[in-house]
1. Determine the dipole magnitude for the chain: charges of +1 sit on the beta-carbon of Lys and Arg, -1 on that of Asp and Glu, nothing else is charged, the reference point is the Cα centre, and the result goes in debye to the nearest 20.
2. Any idea of the accessible area per residue across the chain, 1.4 Å probe, to the nearest Å²?
3. Using the Cα centre of the chain as origin and beta-carbon charges of +1 (Lys, Arg) and -1 (Asp, Glu), tell me which of Leu71, Gly33, Ser56 is placed farthest towards the positive end of the dipole.
4. Roughly speaking, to the nearest percent, how much of the chain's 1.4 Å accessible area is carbon and sulfur?
5. In nm, to one decimal, how far is the modelled label at Ile50 from the one at Tyr30, with both set 7 Å along Cα→Cβ?
6. Explain nothing, just the number: relative contact order of the chain, from Cα pairs under 8 Å at least 6 residues apart, as a whole percent.
7. At 0.36 nm per residue, and after removing the present C-alpha to C-alpha distance, how many nm does the segment from Leu71 to Ala42 gain when stretched out fully?
8. Using θ = phi - 60° and the Karplus curve 6.51 cos²θ - 1.76 cosθ + 1.60, what whole-Hz ³J(HN,Hα) does each residue of region 33-44 get, with Gly and Pro shown as x?
Amino acid sequence: MGAIVLWSSWAIPIRSLETRLGGDYSYGLYICGYPVQQMLSAAGLPEYGIWIYFSSTLLITLGFAICSWHLIEKPALRWKSGF
């Protein structure tokens with residue numbers, strides 16, 4: 001498994017992936033993932049099964065990550081190059 005991860009980090013060009021997706025959403029996924037999981041757990045969503053819980057968590061977190069990139073992170077990176 002480790003060899004597959006190392007190979008994919010070399011074989012998949014990250015810059016073109018970011019271009020195709022419209023931004024780098026990794027930080028937003030990292031920051032928002034845990035709170036969304038906890039919120040959905042408190043709402044009782046795990047009772048409906050792991051796949052419903054996982055897909056709901058991923059979709060909601062991705063929505064927050066996209067908003068975070070376009071509204072906060074991207075404008076902040078533009079300011080960084082100005083200083």
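The values are calculated or read from the model by the stated rules, or taken from the named source; none is laboratory data. All figures in this text were calculated on a predicted structure; none of them were measured in a lab. No Cβ is skipped: glycine too gets one built from the backbone with ideal geometry, and neighbour counts run over all protein chains shown. What goes into the accessible areas is simple: the full protein's heavy atoms, side chains included, and nothing from ligands, DNA or RNA. Shrake-Rupley method; radii C 1.70, N 1.55, O 1.52, S 1.80 Å.
1. With only Lys, Arg, Asp and Glu charged at Cβ, the dipole is about 340 debye.
2. Result: 81 Å² of accessible area for each residue.
3. Result: Leu71, furthest along the dipole toward the positive end.
4. 72
5. Using points 7 Å along Cα→Cβ, the separation is 2.6 nm.
6. 36
7. Stretched fully, the Leu71-Ala42 segment lengthens by 7.7 nm.
8. x, 5, x, 5, 4, 5, 5, 5, 5, 5, 7, x
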